[in-house]
Amino acid sequence: MSCPICAGIVSDKYKPFCSKRCAEEDLGKWLKGSYRIPVNDLEDIEENEKNPKEVRTFIN
Ligand SMILES: [Zn+2]
């Protein structure tokens, strides 16, 4: 078994992570992920709409 963040060797103290740093990173991802679930689709749409605009601006 390896750390899901960095694929390092898992520490018993920070299972299933290798270190406090990776555990906190995963927690941060999880919190961001759950926080973003309701907004995620909208953000994807906004990004898809922004990109063509940016391209157009760049071309003009
Ligand atoms: Zn790790």
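The values are calculated or read from the model by the stated rules, or taken from the named source; none is laboratory data. Predicted model only: the values in this text are computed from it and were never measured. Virtual Cβ from ideal backbone geometry, glycine too; neighbours counted across all protein chains shown.
Details
- Residues in the range 1-33 that are of a type in the set (Gly, Ala, Ser) and within 11 Å of the ligand (Cβ to nearest atom): Ser2, Ala7, Gly8, Ser11, Ser19, Ala23.
- Qualifying residues in the range 5-14 (those that are part of a loop (DSSP other than H, G, I, E, B) and at pLDDT 95 or above) - the one surrounded by the fewest Cβ atoms within 10 Å (Cβ to Cβ): Ala7
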